[in-house]
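Remarks on the structure that follows.
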Amino acid sequence: MTPPLRLEERGAVDHERARTLASERLHASLPPHDARWLDDHLAGCTACRAVAEGYASDRLELEALRRQPIEPPRDLWARTSAAVEREAARSRGPRRAPFLRRHRPSPVPLGAASGLLVVAVVIGASLLSGQPGPSLSPRATAPSVAMSFGPSGEAGPVDPTPLAVAADVAWVSYGANGKLELNQARVSEVCTEGSAECAPIEAPSPGAIELPEPPRTVVRSPDDESLVLVEGDTDGTGGALTVVPGPTAA
Amino acid sequence: MAGSFSVVLGARAARADGRSMSGAWDRDTAGSFVEELFGKHHGEIYAYLVRMLRDPELAADLTQDAFVKAYRNYESLEKPENARAWLYQIAHRVALDELRRRKIVRFLPWSGESRGAAPSAEHLAMDLRLSGDLQRALARIPERQRAALLLAELHDLTGLELASALGVSHVAARALLTRARESLRQALAAEREAEAAAESSSTATTGGDG
């Protein structure tokens, strides 16, 4: 059996109940016996009356916020309908892990020591061609994918990136003559790995450059005129930058 | 939007058939339905997200996300007459996800040159609207309580709609609303105390200088 509440505990329970009912009365009408009990309690409890008046006054202030119109941006429907269309297009076909069809140069026997290392950087279509890229999302960033090939020529893990379509790709590879070559191509379609649905990347027209070591990465210069080849270890020591004319500038 | 309304109504009529015959997801119907929902409710959903997040640009992005999710989850809407509460439920979850993400991801101030120009007059006006002591007090209370108050007091969701939008039982929604009122009362009192203290401190400094 529950022990009876002491006087002060009983009072605390009553105050709590009064505040709850005072709040609920603002949102819906109370049953008559609750309403009567509340009025009786408030008549004799200054603190609870102050709380109840506070709730009512805060409510009036909240309601006053209605008079401050919040207008949505004018292009909200355009953005939303485009996003819905993208969602519809995505759900139409079977979901597949996007994979940038990779360009594999013909296997070149360069010796076990040198192997074959290709560093590829996808630069947004707007950067290489000067044309604006496809508008995918208001928050979408420019497509950017890097993939590397190990000594066996196999691709390393590539993060799925549905953005890497209609993008220009630049990469450095060893050519048949053993010299590093700068390649560029346009990727128009992204397929799952091993899929035969995508057409292979068209044969690029590499420009020969000479580098002592394969670069770690390739980035486009801000003025679109050059490619910057970053060499050195990943720990940040002993690096070097080589600037070469960009594919479009060459 | 008004021009496409008759098409929308036609699509709604076709929806039940499409569902019962095949159970398949009718994209065209869903698209038309979302367009109709957008026309009716995008303003209030945007306003709710602005009030929840105090960031008009983010609220616009999340409004867009909410309608995309409505399109994606069209089949989860059991009764069209509950569409408004269902839409608020989606928007509420989108807002809570964003608020949770903010707690996980720490944003650093951008120290470089801003991409945009100075804030627009509209943006400044919105900032002013969101900077009153009531808005600051609302920002201080737990987000689920804030949502309950906003939905009940400013967006007129009734008991069951409120419960549905918050994803809780009717009883839990009422309890949440009661806690929210108490939290707001205390937060508002604290805001006003701080404001009064700052004012008296400023007056004292001015008096000392004079």
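Read the figures in this text as sums done on the coordinates, not as results from a lab. Please read all numbers here as calculations on a predicted model, not as lab measurements. Here the Cβ positions follow ideal geometry from the backbone for every residue, glycine too, while neighbour counts run over all protein chains shown.
If R0 equals 45 Å, the separation of the Cβ atoms of residue B:199 and residue A:228 corresponds to a calculated FRET efficiency of about 0.20. A Förster distance of 56 Å, applied to the separation of the beta-carbon atoms of residue B:169 and residue A:74, puts the FRET efficiency at 0.90. Summing charges over all other residues whose Cβ lies under 12 Å from the Cβ of residue A:58, with Lys and Arg as +1 and Asp and Glu as -1, gives -3.
Most tightly packed first, judged by the mean number of other beta-carbon atoms within 10 Å of their residues, the peptides B:70-83, A:13-26, B:135-148 read B:135-148, A:13-26, B:70-83. Just to verify a number: FRET efficiency for residue B:192 and residue A:66, C-beta to C-beta distance, R0 = 22 Å, to 0.05? Once the sixth-power term is evaluated, E becomes 0.50. The three principal axes of the Cα atoms in segment B:161-202 give end-to-end lengths of 48, 14, 10 Å, sorted in falling order.
Counting, for every residue in B:150-163, the Cβ atoms of other protein chains within 10 Å of its Cβ and taking the mean gives 2. In this structure the amide hydrogen of residue B:132, modeled in the peptide plane, comes within under 5 Å of no amide hydrogen from residues 5 or more places off or on another chain.
Of the residues B:178, B:141, B:167, the one whose Cα sits farthest toward the positive end of the charge dipole of segment B:132-199, with +1 on the Cβ of Lys and Arg and -1 on the Cβ of Asp and Glu, is B:167. Residue by residue along B:62-70, Cβ atoms of other protein chains within 10 Å of the local Cβ number 4 on average. Within 10 Å of the Cβ of each residue in A:65-78, the mean number of Cβ atoms contributed by other protein chains is 6. Decide, for segment A:7-67, between rounded, prolate and oblate: order the square roots of the alpha carbon gyration tensor eigenvalues as a ≥ b ≥ c, take rounded if a/c falls under 1.5, and otherwise choose prolate if a/b is larger than b/c, else oblate. Verdict is prolate for segment A:7-67. Taken along the Cα-to-beta-carbon direction at a fixed 7 Å, the label points for residue B:158 and residue B:103 span 3.3 nm.
Below 10 angstrom from the Cβ of residue B:181, what's the summed charge of the other residues (Lys, Arg +1; Asp, Glu -1)? That sum, taken over residues with Cβ under 10 Å, equals 0. Distances between placed amide hydrogens fall under 5 Å for residue A:175 paired with A:180, A:181, all partners being 5 or more residues away or on another chain. Ordering of B:176-182, B:187-193 by packing is B:176-182, B:187-193, highest average first (other Cβ atoms within 10 Å, averaged per residue). Each residue of segment B:28-33 is assigned a 3J(HN,Hα), and the resulting list reads 5, 5, 4, x, 5, 5 Hz, derived from the Karplus form 6.51 cos²θ - 1.76 cosθ + 1.60 (θ = phi - 60°), x at Gly and Pro. Could you derive backbone 3J(HN,Hα) for segment B:195-201 from the dihedral phi with the Karplus parameters 6.51, -1.76 and 1.60 (θ = phi - 60°), listing whole Hz in sequence and x where the residue is Gly or Pro? Working through the residues one at a time gives 5, 5, 5, 5, 5, 5, 5 Hz. Note that segment B:79-94 has calculated 3J(HN,Hα) couplings of 10, x, 5, 9, 4, 5, 5, 4, 5, 5, 4, 5, 4, 4, 5, 4 Hz, one per residue in order, obtained from phi through the Karplus relation 6.51 cos²θ - 1.76 cosθ + 1.60 (θ = phi - 60°); glycine and proline are x.
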